[in-house]
1. Hey, how many Å between the Cα centroid of the range 24-72 and the Cα centroid of the range 91-126?
2. Using the alpha-carbon atoms, what tilt in degrees (0 to 90, nearest 10) does helix 15-27 show relative to the longest principal axis of the chain?
3. State, to one decimal in nm, how far the label point of residue 58 lies from the label point of residue 79, with both points 7 Å from Cα in the Cβ direction.
4. Treating the angle as unsigned and between 0 and 90°, give the value, to the nearest 10°, between the Cα long axis of helix 121-137 and the longest Cα principal axis of the chain.
5. So which aspartates and glutamates pass the test for residue 54, namely a Cα distance under 14 Å, with those fewer than 8 places away in the same chain ruled out?
6. Given DSSP loops and a limit of at most 14 other Cβ atoms within 10 Å, what is the longest stretch of the chain that contains no such GluC sites (Glu not before Pro)?
7. Rounded to the nearest 500, what is the 222 nm mean residue ellipticity of the chain from helices alone, with -39500 (n - 2.57) per DSSP H run of 4+ residues and division by all residues?
8. For the range 96-132, which trypsin sites (Lys or Arg not before Pro) are both in a DSSP coil and crowded by at most 16 other Cβ atoms within 10 Å?
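Each value in this text was obtained by applying a stated rule to the coordinates, not by laboratory testing. Since the structure is predicted, the reported quantities are computational estimates derived from the model, not experimental observations. Virtual Cβ from ideal backbone geometry, glycine too; neighbours counted across all protein chains shown.
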Amino acid sequence: IMPYATFSTSVKATEKTVWWLLLDKIENPGKYVPNVIRNQILERSDAGVIRKMKTSAIEVTERINIDEQKKEIIFVLVDHPRYVGRVINKIEPSDKKEEVILTFTLDWKPKGGKKDTDNLSPVIRKAVLQTKELAEKK
């Protein structure tokens, strides 16, 4: 079993609003991700940032790549002791006006081919729904 989780929902907000929230999530993950204890931006570049974040469950260092054209932000794990992989936050158009589809996908693989039983689906689902709630309040 590998920690893989994906969750999508429609958000009644403009693409611009949701994109702004995804960018804000990089700097202020505690508003969007459950149980964030500490967040630190280690490095900034044109491509994105390197961030260290600690939650009650896990500590990660991530290289965060921002692709405004694709409306996609990719969080790549850096030197994690147990996992390699990434999380993708993506906005896609909806059929309805003033609505977008927001998808978060977590795709981590245990290092050394070990089996893993961490179920991160509830965390991903909660993060998407939290972002939706904030976007729809704006």
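1. For the range 24-72 versus the range 91-126, the Cα centre distance is 15 Å.
2. Long axis of 15-27 versus the principal axis of the chain: about 30 degrees.
3. 1.9 nm
4. That helix lies at roughly 30 degrees to the long axis.
5. Filter leaves 27, 62.
6. Longest stretch, sites excluded: 1-67.
7. It comes out at -7000 deg cm²/dmol, rounded to the nearest 500.
8. Taking the range 96-132 and a limit of 16 other Cβ atoms within 10 Å, the loop trypsin sites (Lys or Arg not before Pro) found are 96, 97, 114, 115.
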